[in-house]
Amino acid sequence: VVCMSGAPVMFLFLALVMVPFAMALTRFSYVEDLTPLMQTTHPATKAFISISNIYGQDLTTPVQLLIMAPSQKAMASREWSLATCHMLQDLATKVTDRMHEEGHDYTMTTADFNGLMIFRGGCLADGLKFGVIDVMPAVHMYGMYDMVADLLSNRNQTATQVYVHCQVDLFSEVGEAWMRAVRASLPRPEVIRQPLGGHQDADSANYVPYGRWDDVEIGALHLYGMPLEQMDGAQYTLRRMPYVGLAIAAIVCIILGGSFGTALIPVRAVICIAWMLVVTFGASVMVYQLGYLEGLGLQALAPSGERQALFWLSPTITLAILVGLGLDYDIFLMDSVMEHWQSGKDGKSAVVTSLDQAGTIISAAGIIMFLAFSAMLASTTPMLNQVGFMLCVGALLDCFV
């Protein structure tokens, strides 16, 4: 549609500009935590960090193992208590072996589990000994065990939770490896066929997973906690971002190609948007990971936290917004270019006339968006700073480049 003698030179120039940002983007890393979502100067944030440092993440962001017993009677039996305790003791050994296989110097102990069946690494069904004295009868006598059972179990006494202690930061590389190791080391549940209504046919059969240990049904096992949810959400989302990008490119090509009746405009739009995204996210890595602007002394433009990485939600949130802004301004301009070209003007004249007519409006709109997004940079919340920076850079690139 548009032929300009300087187009190859401009294309080469923009490609060279993109190179350092693309190189920075290859060093992209992300962090999962609660602190990027909290105001750094707020007293509540400082209290949260202090509590985590003093009492550990078991209090602020615990990881728990939910055990759903086959029945209330089973959960109240000594056999079930011993079987689940032995399963947890074996789980600690398996987690340690798996961590060592992956190259992590981490040893999980039985004392890392605390629940109705295990305490300080020992099985409560065998007693609770301090030295040579078994205090378990007194614990039962004075109702302390029942009080703990009410806190850790559901109302029907058919499920209980076990606190699983991690000796390192759960959001660190070793902490995430530990969570994956615990999950992978859980005993695989057996499938027990339970007929409905006394029928044995396959159509009416219901399959319920139950784990076994020491030849005792211990029930279904569910490892859960906010650190696990963040780890899974980050990995699932970021691993699929390339596919999201390809889907966006395909949708842009289909819609713009059908609207303008040419393949050049959608291809150009995809290239321009890809260039803008690489520069924007690369600049974010430079600022919030590599600390290129840290010398300015501005908290909003400096890395935060010990790991100095982008919060995993920041690029996923801004991706769709930046693509929408880029397409909005691009379609507005190219629609005017096509209109002048179809009226008989050559490609260069159509572009010049369109820029003369729409350039001021697009620039004004971009500046307004920049000012609106820059308000996030005044926040003391790291995630808002990162999102605001990405949107500001993207808006300026969309309008002026």
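The values are calculated or read from the model by the stated rules, or taken from the named source; none is laboratory data. As the structure is a prediction and not an experimental result, all values here were calculated from the model. Note that we place each Cβ from the backbone using ideal geometry, even for glycine, and neighbour counts take in every protein chain shown. The area values use the complete protein model at the heavy-atom level, side chains included, leaving out ligands, DNA and RNA. Shrake-Rupley method; radii C 1.70, N 1.55, O 1.52, S 1.80 Å.
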Scan VAL252, VAL267 and give me the residue that is in contact (Cβ under 8 Å) with a residue 12 or more places away in the chain, surrounded by fewer than 18 Cβ atoms within 10 Å (Cβ to Cβ) and in a helix (DSSP H, G or I).
VAL267
Anything in the stretch 144-165 that is open to solvent by 20 Å² or more (accessible area, probe 1.4 Å) and β-branched (Val, Ile, Thr)? List them, or say none.
VAL148, THR158
Of the residues THR280, THR262, only one is in contact (Cβ under 8 Å) with a residue 24 or more places away in the chain and under 24 Å from LEU384 (Cβ atoms); which?
THR280
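Applying the selection to the stretch 71-97, what residues are out of contact with any helix residue (DSSP H, G or I) (no Cβ under 6 Å at 6 or more places or on another chain), small (Gly, Ala, Ser) and assigned to a helix (DSSP H, G or I)?
Narrowing the stretch 71-97 to residues out of contact with any helix residue (DSSP H, G or I) (no Cβ under 6 Å at 6 or more places or on another chain): 71-73, 75-77, 79, 83-88, 90, 93, 96-97.
In the following step, the residues that additionally are small (Gly, Ala, Ser) were identified as 71, 76-77, 83.
Correct list: ALA83 only.
Mind checking whether some residue in the stretch 21-43 is in a helix (DSSP H, G or I), free of Cβ contacts under 8 Å to residues at least 60 places away in the same chain and either closer than 30 Å to TYR163 by Cα or under 24 Å from the mean Cα position of the chain (by Cα) (or both)?
Residues of the stretch 21-43 in a helix (DSSP H, G or I): 21-25, 35-37, 43.
Right, trim to free of Cβ contacts under 8 Å to residues at least 60 places away in the same chain and you get 43.
Next, from what is left, pick out any that are either closer than 30 Å to TYR163 by Cα or under 24 Å from the mean Cα position of the chain (by Cα) (or both): 43.
Among the residues of the stretch 21-43, at least one is in a helix (DSSP H, G or I), free of Cβ contacts under 8 Å to residues at least 60 places away in the same chain and either closer than 30 Å to TYR163 by Cα or under 24 Å from the mean Cα position of the chain (by Cα) (or both), which makes the answer yes.
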What's the total number of residues in the stretch 371-401 that are open to solvent by less than 70 Å² (accessible area, probe 1.4 Å), free of Cβ contacts under 8 Å to residues at least 40 places away in the same chain and under 27 Å from the mean Cα position of the chain (by Cα)?
6
Can you name the number of the only condition in (1) open to solvent by 40 Å² or more (accessible area, probe 1.4 Å); (2) at pLDDT 90 or above; (3) farther than 30 Å from LEU88 by Cβ that TYR236 fails?
(3)
Of the residues that make up the stretch 78-91, is at least one without any contact (Cβ under 8 Å) to a residue 24 or more places away in the chain and either open to solvent by less than 40 Å² (accessible area, probe 1.4 Å) or in contact with a Gly (Cβ under 6 Å, 6 or more places away or on another chain) (or both)?
no
Please give the number of the condition LYS73 fails out of (1) on the phi < 0 side of the Ramachandran plot; (2) surrounded by 15 or more Cβ atoms within 10 Å (Cβ to Cβ); (3) of a type outside the set (A, V, I, L, M, F, W, C).
(2)
Show the residue pairs meeting these rules: Cβ distance below 7 Å; 6+ apart or different chains; first residue within the stretch 339-351 and acidic (Asp, Glu) and modelled with pLDDT of 75 or more; second residue surrounded by 12 or more Cβ atoms within 10 Å (Cβ to Cβ) and assigned to a loop (DSSP other than H, G, I, E, B).
none
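Being touching a Pro at 6+ places or on another chain (Cβ under 6 Å) and among the β-branched types (Val, Ile, Thr) is the requirement here; does VAL252 meet it?
yes
If I filter the stretch 328-336 for residues that are of a type in the set (D, E, K, R) and open to solvent by less than 70 Å² (accessible area, probe 1.4 Å), do I get at least one hit? Steps first, please.
The first filter runs over the stretch 328-336 and keeps only residues of a type in the set (D, E, K, R), leaving 328, 330, 335.
Checking which are open to solvent by less than 70 Å² (accessible area, probe 1.4 Å) leaves us with 330.
Yes, there is a match, as at least one residue in the stretch 328-336 is of a type in the set (D, E, K, R) and open to solvent by less than 70 Å² (accessible area, probe 1.4 Å).
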Where GLN308 falls short, out of the listed (1) open to solvent by less than 60 Å² (accessible area, probe 1.4 Å); (2) touching a residue at least 12 places away in the same chain (Cβ under 8 Å):
(1)
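If you scan the stretch 239-249, which residues turn out to be in a helix (DSSP H, G or I) and surrounded by fewer than 14 Cβ atoms within 10 Å (Cβ to Cβ)?
Within the stretch 239-249, the first condition is being in a helix (DSSP H, G or I), and the residues that meet it are 239, 241-249.
Matches in the stretch 239-249: ARG239, MET241, PRO242, TYR243, LEU246, ALA247.
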HIS42 passes all but one of (1) of a type outside the set (S, T, N, Q); (2) more than 28 Å from VAL216 (Cα to Cα); (3) surrounded by 14 or more Cβ atoms within 10 Å (Cβ to Cβ); which number fails?
(3)
Would you call HIS100 out of contact with any helix residue (DSSP H, G or I) (no Cβ under 9 Å at 6 or more places or on another chain), part of a helix (DSSP H, G or I) and touching a residue at least 12 places away in the same chain (Cβ under 8 Å)?
no
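For the stretch 374-391, how many residues meet the condition of being in a helix (DSSP H, G or I) and either touching a strand residue (DSSP E or B) at 6+ places or on another chain (Cβ under 7 Å) or under 17 Å from LEU313 (Cα atoms) (or both)?
Of the stretch 374-391, the ones in a helix (DSSP H, G or I) are 374-378, 382-391.
Those still in the list that are either touching a strand residue (DSSP E or B) at 6+ places or on another chain (Cβ under 7 Å) or under 17 Å from LEU313 (Cα atoms) (or both) too: 376-377, 382-391.
Counting residues in the stretch 374-391 that are in a helix (DSSP H, G or I) and either touching a strand residue (DSSP E or B) at 6+ places or on another chain (Cβ under 7 Å) or under 17 Å from LEU313 (Cα atoms) (or both) gives 12.
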Restricting to the stretch 166-225, name every residue that is polar (S, T, N, Q) and either modelled with pLDDT of 85 or more or open to solvent by less than 40 Å² (accessible area, probe 1.4 Å) (or both).
GLN167, SER172, SER185, SER204
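Name the residue that is modelled with the lowest pLDDT, counting only residues in the stretch 18-39 that are open to solvent by less than 50 Å² (accessible area, probe 1.4 Å) and aliphatic (A, V, I, L, M).
Ranking the qualifying residues of the stretch 18-39, first place goes to LEU34.
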